[in-house]
Amino acid sequence: MIRGNVGWRLVLFQPRRGSSMKPMYRSLRIATILAMLVALPFESAVVAQEPPAVIDIHVDLSDAPRRIFHARLSMPVQPGSLDLLYPKWLPGEHGPTGPITDLVGLNFSADGKTISWRRDPQEMFAFQVNIPAGVTQLDIKLDYLPPSASGQFTAGAATSDRVAVMSWNALLLYPAGKSAHEIMYRPSLTLPAGWGFGTALVESRREGDEIHFATVSLATLVDSPVSAGAHHRVLDLTGKAAVRHRLHLVADSEEALDIKPETEQAFRNLVAEGIALFGSYHYSKYDFLLTLSDHVQSFGLEHHESSDNRLPERTLVEEVRMNSRAGLLPHEFVHSWNAKYRRPEGLTRDNFQTPYQTDLLWVYEGLTSYLGLVLTSRSGLWTPEYAQDALARIAARLSNRPGRTWRPLIDTTRAAQILFGSPSAGSSWRRGVDFYDEGVLIWLEVDTLIRQLSKGRRSLDDFCRTFFGGESGLATVAPYAYADLVAALAEVAAHDWKGFFDSRIYSVQAEAPLNGITNSGWRLVYTGEPNLAQQDREETRELLNLSFSLGFSVSTKDNRVLDVLPGSPAAAGGLPAASTLVAVNGRRWTPEILQQAIVDAQQANEPIRLLVENAEFFSEVLVDYHAGKRHPHLERNDRKHDLLSKILAPRLH
Ligand SMILES: [Zn+2]
């Protein structure tokens, strides 16, 4: 097993130079040194190893519908000062998103007697307790209050009356100074009566209403969330794969589980196409968890042997919803290779407190976004035409992004932790986590370049098989640096890959990287015909996107102007972002009326008149635009080989 090569660094606890070392710091440092000394024999095969002490953790989700999760832990301890940590930096969330605000009801006791605790005065995620003489076991009780709306990723809404998604990191403390691969937990769980569940953990036994799982390391526990609910269904996606692949559906209604046979088949194809792409796999089994609820935050989080996918309730039964979210499971599946197995050194940590260095997210997320799009098409979750529209939408969005003129892509990766969750107003000038979408364009260019350089003999698929290859079956981590990536690409096709990435990622690029599209025999054009991917996205996200015509987008739910592109006709007319759109050409606005106004303006000289309310004040904005509807599409260039269709076509079925 390969471990992260970045050791435990107590950067958060180091006192400032010249300041006196407070007792807690001293104890932490001493504890760390002791832990390192104790850990040394583990590296040597000659010294007999003591079995690691196991921490029991029981989570009770009986009150999940009331948005309270309960936990009790039982931890082997020794008398003296004990420093305990609440996970802060969560893998895959790329920031310090541990939901510390909602950790409540904290109580420590030993032999039935309460033990007082205190929080570190500077580090909110660290606690200290003094273990009395003679005590060998510390009992901890705590609650986690999953929010109903706010919060990022797993810290967001995670429950309804019928479903709950539980991330163990929200419900545990761990002792400071040891690797998360060495601290062992014995997890168990209680669910509301009649609920089913899915998780990558291995069930060992049932005792009354308690479900017990096999003992795992802290790293594996945090990597193995539980999705549970009143309506539950398991689909087997294994097909010809050598190990078990399952899809656990949990939903707010029985009807929501009624997956279409063609969607189920496409998920099976996804497993087969994924393994065909990489040639091997790095898990002993794989569990897709899919929670379907309108009251749970929609997103996906990658894990090594599972993925935590959360989507609106009717995603599987309504075509528009399914199309607009079809890329989620392929993206998270790819992450098992590109994120969990091969992981940038800066994102490889053996604890949950050391900050990440997120520069290589253009590989971690960018390459995953590209391969996710490719697999969504190869598996049949999208038609190739739909995948082309999805690609055109991405290319157009990045081509109309004035923030490119000041912010290089590398700064969106480095600053990811402050860009996730940034507001929509100003997003085209600020840029956001653009490394996802821009990664699609850049890695498409890499794919087409490899194909051209090798005269069609090789492709990015070959890179995937070498860089993400190795022995199948074990969930191991192989960290890499930028130089490793460049060297691996050069082995597939000789080229100045460092120069290639340096210019596209590390320097300001006012123009979006569209060479991949042109290399693959297509070009980006704008027409009056709707883009299917954009249309479905607008419908499910309740917005109208006029970024490529008038230059703004507006919510159809609350009429808020989401963003205005600097330099666009709407910006020239003075439309403020975050204002409320009231009327178009003197009539209360609807998406249909606004789109008709764009069509009518083609034959007129007068500007389109928008009435907006901007923080209590009303004003009329004149938008001088007469070029009609503009939706992005890819158009075939017959003078070049159609590489794109080849890339998007299934390898297997
Ligand atoms: Zn991702």
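The values are calculated or read from the model by the stated rules, or taken from the named source; none is laboratory data. All figures in this text were calculated on a predicted structure; none of them were measured in a lab. Methodologically, a virtual Cβ is constructed for each residue, glycine included, from the backbone with ideal geometry; neighbour enumeration extends over all protein chains shown. Areas reflect the complete protein model, heavy atoms only, side chains present, ligands, DNA and RNA absent. Shrake-Rupley method; radii C 1.70, N 1.55, O 1.52, S 1.80 Å.
Numbers at a glance
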| read-out | value |
| --- | --- |
| Low-density loop cleavage sites - trypsin sites (Lys or Arg not before Pro) in the range 204-254, where at most 14 other Cβ are within 10 Å (DSSP) | K240, R244 |
| Fully extended contour minus Cα-Cα distance, from A415 to S217, at 0.36 nm per residue | 68.2 nm |
| Computed helical MRE - 222 nm, the chain, DSSP H runs ≥ 4 contributing -39500 (n - 2.57), nearest 500 | -8000 deg cm²/dmol |
| For the chain, size of Cβ-based charge dipole, Lys and Arg +1, Asp and Glu -1, in debye | 1380 debye |
| Ranked order, D411, D308 - accessible area, probe 1.4 Å, largest first | D411, D308 |
| Global geometry of the chain, whether rounded, prolate or oblate, following the gyration tensor of its Cα atoms and the 1.5 cut on a/c | prolate |
| Heavy-atom accessible area order for L419, L532, largest first, 1.4 Å probe | L532, L419 |
| Per-pair calculated FRET efficiency, R0 = 35 Å: D236 and F500 via Cβ, rounded to 0.05 | 0.25 |
| Expected-Rg normalisation [2.2 N^0.38 Å, Cα atoms] applied to the range 416-562 | 1.31 |
| Qualifying trypsin sites (Lys or Arg not before Pro) in the range 418-473, DSSP loop, other Cβ atoms within 10 Å at most 16 | K455, R457, R458 |
| Average Cα contact separation per residue, the chain, under 8 Å, 6 or more apart, as relative contact order % | 12 percent |
| Förster radius 22 Å - calculated FRET efficiency between E635 and V320, Cβ distance, rounded to 0.05 | 0.35 |
| Segment A481-E616, extension gain: residue separation times 0.36 nm, minus the distance between their alpha carbons | 43.4 nm |
| Quarter of the Cα convex hull surface for the range 531-653, i.e. its orientation-mean projected area (nm²) | 10.4 nm² |
| Those GluC sites (Glu not before Pro) in the range 429-522 that DSSP places in a loop and that have at most 12 other beta carbons within 10 Å | E471, E511 |
| Accessible-area value, T291, 1.4 Å probe, nucleic acids and ligands omitted, Å² | 0 Å² |
| Mean-position separation - Cα centroids, the range 613-643 and the range 586-601, in angstrom | 15 Å |
| Accessible area of the chain divided out per residue, in Å², using a probe of 1.4 angstrom | 41 Å² |
| Cβ-defined net charge surrounding P408, 14 Å radius [Lys, Arg +1; Asp, Glu -1] | +1 |
| Inter-part distance where the range 118-193 and the range 317-337 are each reduced to a Cα centre, Å | 30 Å |
| Förster radius 41 Å - calculated FRET efficiency between E491 and R541, Cβ distance, rounded to 0.05 | 0.50 |
| Accessible area in the full protein assembly, largest first, 1.4 Å probe, for K557, K178 | K557, K178 |
| Potential lengthening between D624 and D642 on full extension [0.36 nm per residue; Cα-Cα distance subtracted] | 2.6 nm |
| Cα→Cβ-extended label distance, 7 Å offset, between Q122 and E606, nm | 6.6 nm |
| Peptides 313-322, 631-640 ordered by average Cβ neighbours within 10 Å, highest first | 313-322, 631-640 |
| Model label zone, D161; criterion: amide N under 17 Å from point 7 Å along Cα-to-beta-carbon; scope the range 170-194 | 192-194 |
